[in-house]
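Novice: First the structure, which I've put down as C-alpha cells, then a few questions once you've had a look.
The values are calculated or read from the model by the stated rules, or taken from the named source; none is laboratory data. Since the structure is predicted, the reported quantities are computational estimates derived from the model, not experimental observations. Every residue, glycine among them, receives a Cβ derived from its backbone with ideal geometry; neighbour counts consider all protein chains shown. Surface accessibility is based on the protein's heavy atoms, side chains included, excluding ligands, DNA and RNA. Shrake-Rupley method; radii C 1.70, N 1.55, O 1.52, S 1.80 Å.
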Amino acid sequence: MMKSFKCVICFFLLMSQYGFAQTSAGSVTVYDKVYLAGIINAVNALDLAMKVPGGQVILSRSENSARGFGSNDDGILINGKRLSGKNNNSEAALGRIAVSQVLRIEIIRGSSPDVKVSSQEAMMNIVLVGDNSSGSGTFDVGARILPGGRLFPLGLLSYSGSSGKLDYFMEASQSGYITDYFRDDNIINGDGITEKSLIDKGDQYFHSRALSGNITYSFSDSDQLRLNARLTNDRSRVNWNGEVDNFSPLGVLETSGEALQKIAMDKPGFEVGGDYTGNISDKWGYKLLGIYTSSDAKTNQKRDALITEEPALFDSDTTFFSNAREAIFRPNLSYNMTSGGELKIGSELAYNSVEAGLDENDLVTVKETRSESFINYTGKLSDNLNLDTALKYEYSKISQISDSRNRSENFSFLKPSIDLRYDLGAQNQFQLSARREVSQLNFNDFAASVDEDNIFFGGNQDLVPEKSWGIEGSFERRFANDQGHIKIGLKHERISDHIELIEVAPNIAGVGNVGNATQNTLNLSTSLKFGFIGLENVVLDGSIEFFDTNTVDAFSGQQRDYNSDQTFASTGILRHDLEELGLSYSLQFWYYGPQKIYSIDQLTDRNHDILHLSFSVSYNIFKNMVLTASVDNLANANESRIRTIYAPNRTSGMISFIEDREQHLDKRFRLRLKGTF
C-alpha cells in the first residue's frame, strides 16, 4: 500500500509543474456556453456536468439518505439553489435539462457573490437561460442485457417549460439493473475436512420506478414559490438455485439434494414538499421549507434445503418490515452585510417515526421529535481568505414502544464548525476545517432482523448517536488553460459512543455503542486533461482514499479496525472525445481493499482486492440524439468470502467450521438512446 501511495504522491508533484497560471478568477471557475458547446455527445445538463473538470467527483456526492434537510451534502445547485425536495436526486434532475437550456456551469470552491459554500467540498452551480417558454423534453431509453439474452428495459421521459411566471417539469422513469451470479460454497470443519459443498447459480434484478413533478412560480425577482411531488416504487428480487453435497466426517459423500433461496424486497414511497423564498428588505431575506416523506419496505427471505434422506434443517421463511415517515419544517432568515458577508439564522423542526421488525403484528415503534437551531456566517476576511462558521444546537426526544419495553430519552448537542479557505494566487487554495458532528441513528437497528445469510441480529433500544470532533486540511492546485486540478486532503476524527456490533443478548449480536474510536483519512483526487502530452481531449477523473481506523472490539476487548473497514478505495474514469468523428469512449474503474467483519461467534474476511472495469462508447447518430453501448465487468472480477465460525464464541478460539465462498459475476451489457425534443 505504501508503494502505491508514494507513486500517487510523485504523480501529483510531477503534474503540479503544469499549473503556472489559472484562467478562472478566485474560487469560482466558469465554463460558459462557448466552452460547453465543445463537449460532444451531450444532450442534457448531466452530460455536460460529467465532462467539466471536477464534475465527476461532485456528482458522486449527490445522494442523501440522512434524516433531516440540514444533513443534505448534495453538491449540485441549479440557478444557485438546491433542489426543492429531499429525495429528488440531483443526477436525475440534471438529466431532464436539455443542453440548450444551460447557460453556464460554475465550479465553486469558496464564497461567491451569489452562492455560499461550506465544508471542504466544491459545489457545482448549473445556470440556466432565462426563457424556456417554448418548452423542451428529454428521453433516455434502453436496456441492460446479460450474455444469455435476458434483458431489463430502462427508460426516462421528461418535459419542462415556462408560461409567464410559471416554470414546470414532469418526469416518468424506470431505472435498475439485472445480474447473474455463480457461487461455490464449501463448509470445512475444524479438522480441515469438507462437510458440505454447494454450487449454485443466482440472478438478481432491481428496479426503481418514479413519477415526479415540480412547479415554480416567481411572484417577483426575489419572491419565489417551489412545489414538488415524487412517487416511487422500488423492487428487488434475488433467486438462488444450487446443488448441495453432504459429506461424512471422513470426507465420504453421504447425501445430495437441492438448495433454494429467494429474497424479495418491495418499497413503495412518496414525497411532497416545497419552499418559499422572499426578501423583507434590500438586506434581509427569508426562506420557508417543508417536506413530508413516506415509505413502506417489506423484505421476505425463503430458504429451502431439499436434501435426500435427511430433514430440511436449514429451511426458513422470514420477513422484515420497515415503515418510515418524516416531516420537516425549516424556516430561516438571512442578512446580507455591507462587507459582502451573509448571516443566516434559522431552525429545523422534524418528526420521524419508524415501525420495524420481523413480526408485522409486533413491530418496534421508534419516534423522534427533533429541533436544530443554527446561526451561520459566511464571508471574506480579506481578498484571499474566506470564512464559513456556524453554531448549531440540536435537541431531540426519542421514544421507543414495543411489547417488552416503553421508554423515551432526551438528547441535546452543541455543534460548532469553522471552515477557512485561503487563495494563494489564482491557482492554489488551502482549506482548513474543524467541526463537531453527531450521527443520525438508523431506527431499524432498534428492531431484530436477519441478513441475506439468515443470520439473526437482535434489536437494541439503548442506542445513542455517535459524537465526533474532526479536523480536516487540504490543498488544491488548478492547472493552467483549464487543464484540470489536483487535491490532497487529510482528516482526523475522534469519536465517542462509536457504533459497532455488540452482544445485545446472550450469544446474540446487534448494533450498539462501544466507546471511543479514531479515524484518519487521506484523500487524493484529480481531474486531469492530457493536453501536456498532446492529447487535449483525453481526461482522467479519479480519486483514492486511504483509511486508518481504531476501535475496541466489544467481544474481546482488543483494539482493531472498524467493522467492514477498507484500508483503501479508488475510483476513476478515463474519457476520450473524438470530435471529428462525433465519437467518445470511456473506461471506468474501481478498486477496493479487503474487509473484515467481527461478530460474536464469527470473523468474516471479504476480499474486494480486485479490479472492476467497465467500457462505454457513444456516437452522435442524429442532431440531439446519442447512442451509447457499454459493457461491465471487463476484467471478470470475482469476489471471495471466508467466514470462520467459532464455538461457543470468537474469544474461545475454537473453530467450529469455515465457510469458503467464491462468487463469479457475469458480464453485463447496456444499450441506450438518449436525446431531446
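Novice: How about the stretch 524-543: which of its residues are in contact with a Gly (Cβ under 8 Å, 6 or more places away or on another chain) and either more than 30 Å from E500 (Cα to Cα) or surrounded by fewer than 19 Cβ atoms within 10 Å (Cβ to Cβ) (or both)?
Specialist: T526, S527, L528, K529, V539, L540, D541, G542, S543
Novice: Report, ordered by the first and then the second residue, all pairs with beta carbons closer than 9 Å, sequence separation of six or more or different chains, a first member in the stretch 531-552 that is in contact (Cβ under 8 Å) with a residue 12 or more places away in the chain and closer than 16 Å to G593 by Cβ, and a second member that is surrounded by 19 or more Cβ atoms within 10 Å (Cβ to Cβ) and among the basic types (K, R).
Specialist: S543/K487
Novice: Same structure again: Test S175 against the criterion of being modelled with pLDDT of 90 or more and open to solvent by 20 Å² or more (accessible area, probe 1.4 Å), and give yes or no. Spell out the reasoning first.
Specialist: Working: modelled with pLDDT of 90 or more: yes; open to solvent by 20 Å² or more (accessible area, probe 1.4 Å): yes.
Yes, satisfied.
Novice: While we're looking at this one, here's another question. Take the residues of the stretch 599-636 that are part of a loop (DSSP other than H, G, I, E, B) and within 22 Å of the chain's Cα centre (by Cα): which is modelled with the highest pLDDT? Talk me through it step by step, then tell me what you get.
Specialist: Restricting attention to the stretch 599-636, the residues satisfying the condition of being part of a loop (DSSP other than H, G, I, E, B) are 599-601, 608-610, 623-624, 633-636.
Filter once more, keeping what is within 22 Å of the chain's Cα centre (by Cα): 608-610, 633.
Details: H608: 63, D609: 58, I610: 74, N633: 89.
Here the residue is N633.
Novice: Going residue by residue through the stretch 418-434, is there one that turns out to be among the basic types (K, R), touching a residue at least 60 places away in the same chain (Cβ under 8 Å), buried (at least 19 other Cβ atoms within 10 Å of the Cβ) and within 24 Å of G473 (Cβ to Cβ)? Spell out how you get there, then give the answer.
Specialist: Our first condition is that a residue be among the basic types (K, R); within the stretch 418-434, this holds for 421.
Narrowing the set further to residues that are touching a residue at least 60 places away in the same chain (Cβ under 8 Å) leaves 421.
Narrowing the set further to residues that are buried (at least 19 other Cβ atoms within 10 Å of the Cβ) leaves 421.
Then drop every residue that is not within 24 Å of G473 (Cβ to Cβ), which leaves 421.
Yes, the conditions are met somewhere in the stretch 418-434.
Novice: Within the group K283, K287, K267, which residue is in contact with a strand residue (DSSP E or B) (Cβ under 9 Å, 6 or more places away or on another chain), at pLDDT 95 or above and not hydrophobic (A, V, I, L, M, F, W, C)? Lay out the reasoning, then the answer.
Specialist: On the way: K283 fails: at pLDDT 95 or above; K287 fails: at pLDDT 95 or above.
Selected residue: K267, the only one of K283, K287, K267 that is in contact with a strand residue (DSSP E or B) (Cβ under 9 Å, 6 or more places away or on another chain), at pLDDT 95 or above and not hydrophobic (A, V, I, L, M, F, W, C).
Novice: Another one. What about E409, is it open to solvent by 30 Å² or more (accessible area, probe 1.4 Å) and within 24 Å of the chain's Cα centre (by Cα)?
Specialist: No: the conditions fail for E409.
Novice: Restricting the search to the stretch 233-247, which residues are surrounded by fewer than 18 Cβ atoms within 10 Å (Cβ to Cβ) and under 21 Å from the mean Cα position of the chain (by Cα)?
Specialist: N233, R235, S236
Novice: Taking A143, is it open to solvent by 20 Å² or more (accessible area, probe 1.4 Å), farther than 23 Å from F219 by Cβ and either assigned to a strand (DSSP E or B) or out of contact with any Ser or Thr (no Cβ under 6 Å at 6 or more places or on another chain) (or both)? Walk me through it before giving the result.
Specialist: On the way: open to solvent by 20 Å² or more (accessible area, probe 1.4 Å): no; farther than 23 Å from F219 by Cβ: yes; either assigned to a strand (DSSP E or B) or out of contact with any Ser or Thr (no Cβ under 6 Å at 6 or more places or on another chain) (or both): yes.
Considered against the rule, which asks whether it is open to solvent by 20 Å² or more (accessible area, probe 1.4 Å), farther than 23 Å from F219 by Cβ and either assigned to a strand (DSSP E or B) or out of contact with any Ser or Thr (no Cβ under 6 Å at 6 or more places or on another chain) (or both), A143 comes out as no.
Novice: Turning to a different aspect of this structure: Quickly run through the stretch 579-597 and pick out the residues that are open to solvent by 80 Å² or more (accessible area, probe 1.4 Å), more than 13 Å from L540 (Cα to Cα) and not hydrophobic (A, V, I, L, M, F, W, C).
Specialist: So the first thing to find is which residues in the stretch 579-597 are open to solvent by 80 Å² or more (accessible area, probe 1.4 Å), and the list is 579-581, 585, 596.
Restricting the remaining residues to those that are more than 13 Å from L540 (Cα to Cα) gives 579-581, 596.
Scanning the stretch 579-597 gives E579, E580, K596.
Novice: Moving to a separate point now. Could you say which residue among K262, K267, K302 is open to solvent by 60 Å² or more (accessible area, probe 1.4 Å), of a type outside the set (G, A, S), in contact with a Phe, Trp or Tyr (Cβ under 9 Å, 6 or more places away or on another chain) and in contact (Cβ under 8 Å) with a residue 24 or more places away in the chain? Show your work before the answer.
Specialist: Numbers: K267 fails: in contact with a Phe, Trp or Tyr (Cβ under 9 Å, 6 or more places away or on another chain); K302 fails: in contact with a Phe, Trp or Tyr (Cβ under 9 Å, 6 or more places away or on another chain).
Only one candidate passes the filter, namely K262.
Novice: Filter the stretch 544-558 for residues that are of a type in the set (S, T, N, Q) and not in a strand (DSSP E or B); which is least open to solvent (accessible area, probe 1.4 Å)?
Specialist: S556
Novice: On to the next question. Which residue pairs have Cβ atoms closer than 9 Å, lie 6 or more positions apart in sequence or on different chains, and pair a first residue in the stretch 93-107 that is closer than 9 Å to L46 by Cβ with a second residue that is of a type in the set (K, R) and buried (at least 22 other Cβ atoms within 10 Å of the Cβ)?
Specialist: So the pair list comes out as G95/K674.
Novice: Tell me the residue from G164, G155 that is under 26 Å from the mean Cα position of the chain (by Cα) and of a type outside the set (S, T, Y), please.
Specialist: After ruling out the rest, the residue left standing is G155.
Novice: Continuing with this model, one more query. Return the pairs, sorted by first residue and then second, in which the second residue is part of a loop (DSSP other than H, G, I, E, B) and of a type in the set (D, E), the first residue lies in the stretch 619-648 and is within 30 Å of I600 (Cβ to Cβ), the beta carbons are less than 8 Å apart, and the residues are 6+ apart or on different chains.
Specialist: Partner pairs satisfying both residue conditions: I645/D601; Y646/D601; A647/D601; P648/D601.
Novice: Follow-up. Identify, from the list R82, R104, the residue that is touching a helix residue (DSSP H, G or I) at 6+ places or on another chain (Cβ under 8 Å), modelled with pLDDT of 65 or more and open to solvent by 30 Å² or more (accessible area, probe 1.4 Å). Talk me through it step by step, then tell me what you get.
Specialist: Numbers: R82 fails: touching a helix residue (DSSP H, G or I) at 6+ places or on another chain (Cβ under 8 Å).
The match here is R104.
Novice: Here's another thing I want to ask about it. In this structure, does S112 turn out to be among the hydroxyl-bearing types (S, T, Y), under 30 Å from R478 (Cβ atoms) and either crowded, with 17+ Cβ neighbours inside 10 Å or modelled with pLDDT of 90 or more (or both)?
Specialist: Numbers: among the hydroxyl-bearing types (S, T, Y): yes; under 30 Å from R478 (Cβ atoms): yes; either crowded, with 17+ Cβ neighbours inside 10 Å or modelled with pLDDT of 90 or more (or both): yes.
Here the answer is yes, as S112 does meet what is asked.
Novice: Restricted to the stretch 476-502, and to residues that are free of Cβ contacts under 8 Å to residues at least 40 places away in the same chain and within 25 Å of T29 (Cα to Cα), which residue is least open to solvent (accessible area, probe 1.4 Å)?
Specialist: K487
Novice: Another question, then. Would you check which residues across the stretch 439-454 are surrounded by fewer than 19 Cβ atoms within 10 Å (Cβ to Cβ) and either hydroxyl-bearing (S, T, Y) or in contact (Cβ under 8 Å) with a residue 12 or more places away in the chain (or both) and list them?
Specialist: S439, Q440, N442, V450, E452, N454
Novice: Still on this structure, please answer the following. Among the residues that make up the stretch 225-237, is at least one of them part of a strand (DSSP E or B), of a type in the set (S, T, Y) and within 30 Å of I655 (Cα to Cα)?
Specialist: Applying the first criterion (part of a strand (DSSP E or B)) to the stretch 225-237 yields 225-237.
Still in the list and also of a type in the set (S, T, Y): 232, 236.
Those left that are additionally within 30 Å of I655 (Cα to Cα): none.
Scanning the stretch 225-237 turns up no residue that is part of a strand (DSSP E or B), of a type in the set (S, T, Y) and within 30 Å of I655 (Cα to Cα).
Novice: Still on this structure, I have one more. Please return the ranges of strands (runs of 3 or more DSSP E) entirely within the stretch 427-531 where 1 or more residues are under 30 Å from A647 (Cα atoms) and under 22 Å from the mean Cα position of the chain (by Cα). Break it down stepwise before answering.
Specialist: On the way: elements: 428-438, 467-478, 484-496, 499-505, 508-513, 517-530.
So the answer is 499-505, 508-513.
Conditions tested, residue by residue: (1) in contact with a Pro (Cβ under 9 Å, 6 or more places away or on another chain); (2) open to solvent by 70 Å² or more (accessible area, probe 1.4 Å); (3) part of a strand (DSSP E or B); (4) aromatic (F, W, Y).
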| residue | (1), (2), (3), (4) |
| --- | --- |
| D275 | no, no, yes, no |
| T293 | no, no, yes, no |
| L333 | no, yes, yes, no |
| G340 | yes, no, no, no |
| S347 | yes, no, yes, no |
| A350 | no, no, yes, no |
| V354 | no, no, yes, no |
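Novice: Of the conditions (1) in contact with a Gly (Cβ under 8 Å, 6 or more places away or on another chain); (2) within 30 Å of D482 (Cβ to Cβ); (3) of a type outside the set (S, T, Y); (4) surrounded by fewer than 19 Cβ atoms within 10 Å (Cβ to Cβ), L381 fails just one. Which one is it?
Specialist: Failing condition for L381: (1).
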